[in-house]
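Down below is the structure, laid out as structure tokens.
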Amino acid sequence: MLGMLGPFSIDTYIPAFSGIAASLNATPVQMQQTLSAYLFGFAFMSLFHGALSDSVGRRPVVLWGLAAFTAASMGCALSQSIGQLVFFRAVQGLTTGAGIVVSRAVVRDMFAPAQAQKVMSQITIYFGVAPAVAPMIGGVLFAHLGWHSVFWFLTGVGVFLWVANYRLLPETLHLSHRHPLKVSNLLQGYWKLGRDPRFFLLALASGVPFNGMFLYVLSAPVFLGEHLALLPTQFFWFFVLTISGIMSGAWVSGRMAGKLAPKRQIRHGFLIMFTIALVNLAANAVFPAHAAWAMFPVAIFAFGWAMMVPAVTLLVLDLHPERRGMASSLQAFIGSTANGLVAGVVAPLVMHSTVALAATSLAMLSIGLVAWVMLHRRWPAIGSTA
């Protein structure tokens, strides 16, 4: 649930855009700033959550992050102007990264590689389901209780997670493994990871392909409503298919943990995504998009992504075991930066053409695939042991 908090908070309030704009007399540009402020804060602070947890421990970073997120969500609910809402959305973004960044490090602190992959597969289900489920919940709350209720709901989520983690989350980083909380030490760690091409390539391979699927989630109102001529009450079929793909792919990843070498799992995932992305592009170029087939490629793509990403994430964390928190931070920063660019720049440009959507999805995948191929050719031993 910590892993899903970031993407969940991005999308829950999107169905309430019109209501917020009318209530606060906000322009479309100002409403876009509420999303951009969140994404910028999320990407920026993702650089530091893990690094701080390497020094002060995992538990304090999670608890303080959740407390600040809860306060920021309350601030959003009480906002009386668009400026106040933008500010508190930025604070939300600064705090939610603590969940996904630190939770990855906690998993690897506690479990050996095979078991860690099984647990990471379960986290992948939550992380991938969040962008699909969040708009549904937000839409229901907005329709029945108004836009303020969306942020009161997120406030309640923050309270629940804080209590649950306070009672149940142990400190997983031993005192002997902590690094001094000094600027010089942090800079040395960032320099060590930043100059390692293996880390950079793995981070691209894990972070960018997600956008091949996320692009369609962001474009859902246009893709489903305009291109596929579905009624809003029929949109749920798209989310059901996508969620099914994520859940089944993550389940397969967990089943393969310890039995199949990670690099073979990753290769299978990329092969599935690349094949279906090509088929999707060809089909949209030849045939008019139709609800009878156009949603299935996204679900199959989601299956391939969920099958390979837990293995890639663990390879990232194990490159420098003494810097797992920082590695998770930098990995999240690269992924969230890509997500922000797709949400704020790419999706609005391509959502009005199904061919452009399919081509962009293939391009997002190709960036990750090229990074993985380059890594595999230069360092073939990485991920070779089950």
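Taken together, the values in this text are just the output of simple stated rules run on the coordinates, not laboratory data. Computed from a predicted model, the values in this text were never measured in an experiment. Note that we place each Cβ from the backbone using ideal geometry, even for glycine, and neighbour counts take in every protein chain shown.
How large is ³J(HN,Hα) for each residue in the stretch 141-148, as worked out from phi by the Karplus curve 6.51 cos²θ - 1.76 cosθ + 1.60 (θ = phi - 60°), to whole Hz, x for Gly and Pro?
Going residue by residue, I get 4, 5, 5, 9, 10, x, 5, 4 Hz, with x marking Gly and Pro.
Through the Karplus equation 6.51 cos²θ - 1.76 cosθ + 1.60, θ set to phi - 60°, convert the phi angles of the stretch 193-201 into ³J(HN,Hα) values in whole Hz; use x for Gly and Pro.
Result, rounded to whole Hz: 6, x, 8, 8, x, 4, 5, 4, 5.
Quick check: net charge around VAL107, other residues with Cβ under 13 Å of its Cβ, Lys/Arg +1 and Asp/Glu -1?
Net of charged neighbours comes to +3.
Among rounded, prolate and oblate, which fits the chain when a ≥ b ≥ c are the square roots of the eigenvalues of its C-alpha gyration tensor, a/c under 1.5 means rounded, and a/b larger than b/c means prolate?
Verdict is oblate for the chain.
Could you work out the relative contact order of the chain, using alpha carbon pairs under 8 angstrom and six or more residues apart, expressed as a whole percent?
So the answer I get is 27 percent.
Can you list residues from other chains, or at least 5 along the same chain, whose modelled amide H is less than 5 Å from the amide H of LEU230?
GLY225
Got a sec to turn the phi values of the stretch 352-360 into Karplus ³J(HN,Hα) couplings, 6.51 cos²θ - 1.76 cosθ + 1.60 with θ = phi - 60°, whole Hz, x for Gly and Pro?
Calculated HN-Hα couplings, in order: 8, 9, 5, 5, 5, 4, 5, 5, 5 Hz.
State the number of lysine pairs found in the chain whose Cα atoms come within less than 27 Å, restricting to pairs 8 or more positions apart or on distinct chains.
The number of close lysine pairs in the chain is 4.
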